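The values are calculated or read from the model by the stated rules, or taken from the named source; none is laboratory data. Not measured: the values here are computed from a predicted model. All Cβ positions, glycine included, derive from the backbone under ideal geometry; neighbour counts span all protein chains shown.
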Amino acid sequence: MDATPRAHPLTLRVMQLAKPGFARHDPVGYDEEGLALTRNVLHAENPRHYAPANVTEALQLPSSQGKVYLGESFSAFINICNDGHDVVTNVSLKVEMQTASQRHTSLADPESCRASKLERTQTLQTTIRHEIRSLGTHALLCAVSYTLLNGERRTFRKSFNFEVNQPLDVIPHCTTIQNTIVLEVQVKNQMPHPIHFQSIKFTPQSAFAVQDCNATLCQDGKTRSVFHGFQSVEPKESRSYLYKLTPAEGQYFEFRRRKAIGKLDVMWRSSMGEFGHLQTSQLERPVPPVHDLELHATNAPSAVTVGAPFEVECDVINFRDVKVDASLNFDLQQVKNSTLRKSYDIILEKSRIRM
């Protein structure tokens, strides 16, 4: 019995699709004083011909397989060719994308993945497009099934592995000032080509209300970005975005205790128009220590008259889950000629009492 595996008459090829980029060249220096004709005379009709920059008007195809980044789309061209001498029938192709945690099926159009027969040198072609949503190793799995002239049904499989890289580096910096969190998010372009930020939006957790500090109100009543619409970011360049977080209505206790504050949603386009979308995991902040009971002066006059009474409004807050029998005393030994009009013996539930 011959145990040698037989060769398949069909050949499977997978090619990654990528858009071209602008061709670059090193400009040649010159001495303006030694030119017989000036630039204005040479290029009076078409000044675009004078290009001292290293970017030309020509397009260039990538010379190697491009890197794949999270949030972008992976596109590939799949070609099945009959390199055998006989006709094969009932040809079908199944394409899947496998990651460490899940498998995506039916990436290709079913109608373009079937052929009733393939003559010699005839091909079956299709394209796939898949949005990348996780980092790490991805495997493109292709399974081809066909029938020989003698009725035998045969199948072979191939896998193509590639790595998915991080396109952006998002670094949050949080500063808590009483009941306000100042969030600064630094977004750095980790890709080797410039990108244009189309939209950057921060979505807070339910305990937080957010104010976007990256836009200003113009005289015509419209808001305008502090970057004045210029959102192009070069490789290794970063932008900082500022947000102000305050307690949402009825969420003061969760505001003080919650570590996760929200997600940042970023959409961008490359220089050739490719779309990218990335949503971060929950951004976190260092939670300041919370005491069982806290006393905050919420309203006090900025200036007082000597000898005249004035009022200070305070909040007493119980952060425990049970009632607390508390006594509120004021030590006025350090303040001469002061008078306390009220003293309190109170029972606090998990709530806020204003005095």
**OP:** Search the range 211-264 for residues being aromatic (Phe, Trp, Tyr) and either surrounded by 15 or more Cβ atoms within 10 Å (Cβ to Cβ) or at pLDDT 90 or above (or both), and hand back the single one that is nearest to the chain's Cα centre (by Cα).
**Re:** Tyr241
**OP:** Taking the options Thr223, Thr246, name whichever one is out of contact with any Leu (no Cβ under 8 Å at 6 or more places or on another chain) and of a type in the set (Val, Ile, Thr).
**Re:** Thr246
Original post:
Does at least one position in the range 148-166 carry a residue that is part of a strand (DSSP E or B), of a type in the set (Asp, Glu) and either at pLDDT below 95 or assigned by TED's automatic domain parsing to the domain that holds Glu249 (or both)?
Top reply: yes
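Among the residues of the range 105-124, which ones are assigned to a strand (DSSP E or B) and either surrounded by 13 or more Cβ atoms within 10 Å (Cβ to Cβ) or at pLDDT below 90 (or both)?
If the condition is that a residue be assigned to a strand (DSSP E or B) and either surrounded by 13 or more Cβ atoms within 10 Å (Cβ to Cβ) or at pLDDT below 90 (or both), then Arg114, Ala115, Lys117, Leu118, Thr123, Leu124 are the ones that fit.
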